[in-house]
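Right, one structure below, let's go through it.
Read-outs: derived from the displayed coordinates by stated rules, not from any lab. This is a predicted model, so every value here is computed, not measured. Cβ placement follows ideal geometry from the backbone for every residue including glycine, while neighbour counts extend to all protein chains displayed.
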Amino acid sequence: MKRVALTMLVLVLCVVPVMAQADERADTTFKLGSSWLLELDPNDQPYPDYVADPRRPRMQVGVGVADSDIPETSSSRVMLDLGTRYTLFKIQTDPSGTNEFALDIEGGLFTQFDPGNGLDNIGWDGRYGVFAVWDWSDKVVARVGYRHLSAHLGDEYIEATGRRRINYTRDDLALGLGYYVNEKILVYVEPSWAWSMGNEDRQKPWAAEGGIQYQGPRDMWNDSTAYYAAAHVRAFDETSWDPGVSVQTGFHIKREQSSTNLRLGLEGYIGRAILGEFSLDYDEAYLTVGIFFDFY
């Protein structure tokens, strides 16, 4: 798993400059009838990212400290994530740009490594999904879709502790609703219901998440950089609706002609363990310094 960590780090660092160079795109817009427009591979996404969601598909390199109940782990963490959300197409039904429909797919790999124990892999979660999106107006966006999450233990952690998987998996249907208070502030909520679970004796179907985030104007460093802050709350019926709260703040860097986003920031979390295989039994808190990268 140490080789996996190194490989992921190289991929994250190499893909940033490659994607940043992809500034020019061919025109992939087509007319549908007299007024509708179909755009393939659009350079924007109608539905916003949940910036502080620790299970948002993203690319991340994060290093920090932890106060965790997970047995036989140290007080330090390295987070390496690899993933993205991608809009396949969007359909515009109004010349004003409102009332758009889109189809998103997403996938991500989320890992934690323990520097206090030889950088052993503690565990990893995999996630993928597909969402239909409705950009109703300048104020309201919505999505509905399917998500799969499966959780796994790290090989080194199994060898060191003898722990066995509890088979934590979720296949759920989610309904997200976002509201722009103004151009800078977004609030959102997303309940979900799992129709299939890997450990039905311990897992329960209902869950909910939501948050608020602020995106400032890009008025720093040649008008490429902005301050941002976000908070995200997750709660599950299977853990008595005890909330897990994550926050993220830092600087958002975006090239004018590029769809890539780079964030340099701090991320903090307190609540049930993020890794699925530990989430039903243990709590944790952590604070990391990270590089977060998104591309569309």
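In the chain, the longest principal axis of the Cα atoms and the axis of helix 2-20 are about 10 degrees apart. Neighbour counts of other Cβ atoms within 10 Å put His232, His148 in the fewest-to-most order His148, His232. Kirkwood analysis of the Cα pair distances in segment 57-151 returns a hydrodynamic radius of 15.7 Å. For segment 264-277, backbone phi angles converted through the Karplus equation (6.51, -1.76, 1.60; θ = phi - 60°) give residue-by-residue couplings of 10, x, 9, 10, x, 8, 8, x, 5, 3, 5, 4, x, 5 Hz, Gly and Pro being listed as x.
Calculated mean residue ellipticity at 222 nm for the chain: -3000 deg cm²/dmol, from DSSP H runs with n ≥ 4 weighted as -39500 (n - 2.57), summed, divided by the residue count and rounded to 500.
Put a plus charge on the Cβ of each Lys and Arg, a minus charge on the Cβ of each Asp and Glu, and nothing anywhere else: the dipole of segment 107-263 about its Cα centre is then about 220 debye.
When the P(r) is computed for the chain, the part past 23 Å accounts for 57% of the Cα-Cα pairs.
Summing charges over neighbours of Thr169, with a neighbour being any other residue whose Cβ is under 14 Å away from its Cβ, gives 0 when K and R count +1 and D and E count -1.
Over segment 142-284, all Cα pairs binned in 5 Å intervals from 0 give whole-percent P(r) values of 2, 9, 14, 16, 17, 15, 12, 9, 5, 2, 0, 0, listed from short to long.
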